[in-house]
1. Tabulate in residue order the Karplus-calculated ³J(HN,Hα) for region 40-48, using 6.51 cos²θ - 1.76 cosθ + 1.60 with θ = phi - 60°, rounded to whole Hz; enter x for Gly and Pro.
2. Per residue of region 20-27, in order, report the coupling 6.51 cos²θ - 1.76 cosθ + 1.60 (Karplus, θ = phi - 60°) as ³J(HN,Hα) in whole Hz, putting x for Gly and Pro.
3. Cβ neighbours within 10 Å, averaged per peptide: list 69-78, 39-48 in order, most packed at the top.
4. Between residue 11 and residue 70, what is 0.36 nm times their sequence separation minus the Cα-Cα distance? Round to one decimal in nm.
5. What 222 nm value per residue comes from the helices of the chain, counting each DSSP H run with n ≥ 4 as -39,500 (n - 2.57) and dividing by all residues, nearest 500 deg cm²/dmol?
6. According to the square roots a ≥ b ≥ c of the eigenvalues of the Cα gyration tensor, what is the shape class of the chain, taking rounded for a/c under 1.5, prolate for a/b larger than b/c otherwise, and oblate for the remainder?
7. Would you mind working out the magnitude of the charge dipole of the chain relative to its Cα centre, with +1 at each Lys and Arg C-beta and -1 at each Asp and Glu C-beta, to the nearest 20 Debye?
Amino acid sequence: MGLWLNVGSSSLALYGFENLDKVAFPGVKRCDIRAGLPYSDATIEVIVCSHTLEHLHPFHELPFVLREMRRVLLPGGVLRLAVPDL
């Protein structure tokens, strides 16, 4: 069983997840995802990323971050993304 990540958590630290944000909050690990995810390949079972990706540059930052998520996700892992619907 791999780790569960909450990427771009802000101050909402989810129980059972490793919570990441560019700003440190209680229960949240400081991590700028634009520099990569600090995990080995295929070690994450679940990634949740809600209302974070829209803050990235669509051509320069977003493709890299999505590749990083794929890199760390276990085969058959779950990636749940939520972005605003304009």
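None of the figures in this text is laboratory data; all of them are computed from the coordinates on show. The structure displayed is predicted, hence computed values, not measured ones. Cβ atoms come from the backbone with ideal geometry, glycine included; neighbour counts cover every protein chain shown.
1. 6, 4, 6, 10, 10, 7, 9, 10, 10
2. 10, 7, 6, 10, 6, 10, x, x
3. 39-48, 69-78
4. Gain on stretching residue 11 to residue 70: 18.8 nm.
5. Numbers: 1 runs with 11 residues, N = 86.
Result for the chain: -4000 deg cm²/dmol, rounded to the nearest 500.
6. Numbers: a/c = 1.41, a/b = 1.07, b/c = 1.32.
Rounded, because the longest to shortest axis ratio a/c is under 1.5.
7. 120 debye
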